[in-house]
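Here, each number is a calculation from the coordinates, and none is a lab measurement. Values in this document were obtained by computation on a predicted structure and should not be read as measured data. With ideal geometry, Cβ positions are generated from the backbone for all residues, glycine too; neighbour counts draw on all protein chains shown.
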Amino acid sequence: MITREAPAEDPLTLVFSALADPTRRAILVRLTEGDASVSELAVPFEMSQPAVSKHLRVLENAGLISRSRVATSRFSHLEPRPLKEATEWMDKQFWNESFDRLDAALADYLKKQKQEHEQEPQEKENDQ
């Protein structure tokens, strides 16, 4: 597995990079049920615990999880704030673009309506 990490100063890129991998997304879904150890998180995947730990480091670097140690086990905890921020960013991008397209379509419609309205008196004059 090749891991390319974005610069630390861009948290949104770190979140999207972390979410790009289906294994990491599955880990996040599992963590919605509660905290889990590396061995618990490794169960559904055909990979070693060290490989799962690499995924967890990427998620932790993105701020999507936090980890704590209890005796000899390390538990991962879902941190929802970065997901909320990414969702808000996507919503803003989508809606701003949608409203811009709507504004352009409305302006085009109004322009055509005005042109049609201006042509009506000329057509009536030509008919007489």
_Note, ³J(HN,Hα) from phi for the stretch 36-42, Karplus 6.51, -1.76, 1.60, rounded to Hz, x at Gly and Pro_ = 8, 7, 4, 5, 5, 6, 6
*Cα centroids of the stretch 8-58 and the stretch 62-79: how far apart, whole angstrom?*
11 Å
_Could you list 117, 55, 77 so that the one with the fewest beta carbons within 10 Å of its beta carbon is first and the one with the most is last?_
117, 77, 55
*Taking neighbour Cβ counts within 10 Å as the exposure measure, how do 81, 67 sort from fewest upward?*
81, 67
_Cut-off 10 angstrom, C-alpha nodes, Gaussian network model of the chain. Which of 106, 59, 83 fluctuates the most?_
106
*What does the charge dipole of the stretch 11-79 about its Cα centre add up to, to the nearest 20 debye, if the Cβ of each Lys and Arg holds +1 and the Cβ of each Asp and Glu holds -1?*
180 debye
*Rotationally averaged projected area of the chain (alpha carbon convex hull; nm²)*: 12.9 nm²
*Please give the per residue volume of the convex hull enclosing the alpha carbon atoms of the stretch 11-79, rounded to a whole number of Å³.*
76 Å³
*Which of 57, 24, 101 moves the most in a Gaussian network model of the chain with Cα springs under 10 Å?*
101
*Most mobile listed residue (26, 104, 62) in the chain, GNM with C-alpha springs under 10 Å*: 104
